[in-house]
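Here's the structure, in structure tokens; my notes come after.
The values are calculated or read from the model by the stated rules, or taken from the named source; none is laboratory data. Every value quoted in this text rests on a predicted model; they were computed, and no experiment measured them. Virtual Cβ from ideal backbone geometry, glycine too; neighbours counted across all protein chains shown.
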Amino acid sequence: MINAVSKFLKIGVLMTVFLLSACTPNADKSPDINKNTHTNTQESTQNNAQTPTALNDTQPIKVMTPDWGVAMNLLALDIIPVAIGEVRNYDEWVAEPALPKQVIDLGLRFTPNSELLARLVEQGLIEQVIDTEFYAQIRPQYKNISLTTVDFNSQETMATWDGFARATWQIAKTVNKQAQAQIYITRTKDEIRAIGERFTQRNPSIRSLAVVQFVDENNLRLYGQSSIFYPATKQMGLSLVIMGQSNQWGFVPITLNDLAKLPKDSCLLVVKPYSAILQQNLQNNAIWQRLGFGKTRCMGVLEPIWMYGGIPSLYSFAKRLDGVVLMGVSS
């Protein structure tokens, strides 16, 4: 990538967006559970002492989820899940809200450790499961535990704040945290608005944002009307660059050449991760060099954002934007 970008980029792991968005059960990368800094799944399976039964004292709502988006909402509501899938990868790709150390790692989200899960159920540490339709194939392992299923995808062609808040409200009702949900949703909406005001004050020449992830050096995904970025930017008093109707995952496939169509008052936001190989290839790409992003055109690089968590995902994007260093901004 261009030299200006290289100052702000860390070497990432090459993953496609579908790997991150968990579109298919085969999309998950197996975490190194043995080296996890959170509760070690293998050790928990082999040694009952590793199961934190003390959670019953501090965690009256015994809920588990294989899904990161659900975990984000639970934590936002001050509920610590007993267990979730792929703790290590959560730390890398979601990060916020941070997972407390006592959260048990179930292993792969789509193929959890069945022995560990059975033990947690037998010991009465799980009384409620919250998941999405992506996990239908593992539901037999829940046995007779109460199940709530939520959907984080936008149900509208043009995503709305209220539409993404539906899953948060459903989770709150399940864990009896409606009052906390009201406080959280209202406060988050106000904070996102304030972040937008600060962004505009710092960058008065920028009126719209183009949010992308790289697939390779010639292909990208541009996030549009059905993504979390649409209501988030609207709440910030900004607009999102649109190039056609986005799909159910919130994006439109575009090419590197399409970036030339971005409005002059827009800023390109590249969401991590991407690889060192991609970075090097862009440095040598004539089209990318000619586009001038990071030099003569505004560009910023955002840390990973988990895009399928409803309101917490909108808030994560806003916080990432609040701390981003923009390059190539005209005065």
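One table, with the values for the structure above:
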quantity	calculated
Region 186-215, residues that are in contact with a Leu (Cβ under 7 Å, 6 or more places away or on another chain) and either surrounded by fewer than 14 Cβ atoms within 10 Å (Cβ to Cβ) or not hydroxyl-bearing (Ser, Thr, Tyr) (or both)	192, 195, 196, 199, 203, 207, 209, 210, 211, 212, 213, 214
Among residues of region 226-245, those that are part of a loop (DSSP other than H, G, I, E, B), surrounded by 15 or more Cβ atoms within 10 Å (Cβ to Cβ) and in contact (Cβ under 8 Å) with a residue 24 or more places away in the chain, counted	6
Failed criterion for residue 289 (all others in (1) under 21 Å from residue 223 (Cα atoms); (2) not in a strand (DSSP E or B) hold)	(1)
Tally, over region 99-123, of residues that are surrounded by fewer than 21 Cβ atoms within 10 Å (Cβ to Cβ), under 18 Å from residue 134 (Cβ atoms) and within 23 Å of the chain's Cα centre (by Cα)	3
Options 252, 215: the member that is closer than 17 Å to residue 305 by Cα, in contact (Cβ under 8 Å) with a residue 24 or more places away in the chain and of a type in the set (A, V, I, L, M, F, W, C)	215
Some residue of region 207-214 being under 29 Å from residue 323 (Cα atoms), charged (D, E, K, R) and not in a helix (DSSP H, G or I)	yes
Single residue of region 97-144 satisfying the filter (outside any helix (DSSP H, G or I), of a type in the set (D, E, K, R) and out of contact with any helix residue (DSSP H, G or I) (no Cβ under 6 Å at 6 or more places or on another chain)) that is nearest to residue 308 (Cα to Cα)	131
Exclusive hit being under 25 Å from residue 152 (Cβ atoms) and either modelled with pLDDT under 95 or more than 21 Å from the chain's Cα centre (by Cα) (or both), set 231, 304, 312, 253	304
Test: residue in region 81-89 that is buried (at least 22 other Cβ atoms within 10 Å of the Cβ), in a helix (DSSP H, G or I) and over 18 Å from the mean Cα position of the chain (by Cα)	no
Search result, residues across region 144-187 that are touching a residue at least 24 places away in the same chain (Cβ under 8 Å) and of a type in the set (D, E, K, R)	156, 166, 177
Condition check for residue 291: hydrophobic (A, V, I, L, M, F, W, C), within 16 Å of residue 324 (Cα to Cα) and either surrounded by fewer than 17 Cβ atoms within 10 Å (Cβ to Cβ) or not assigned by TED's automatic domain parsing to the domain that holds residue 130 (or both)	no
Search result, residues across region 248-264 that are in contact with a Ser or Thr (Cβ under 9 Å, 6 or more places away or on another chain) and surrounded by 14 or more Cβ atoms within 10 Å (Cβ to Cβ)	249, 250, 251, 252, 262
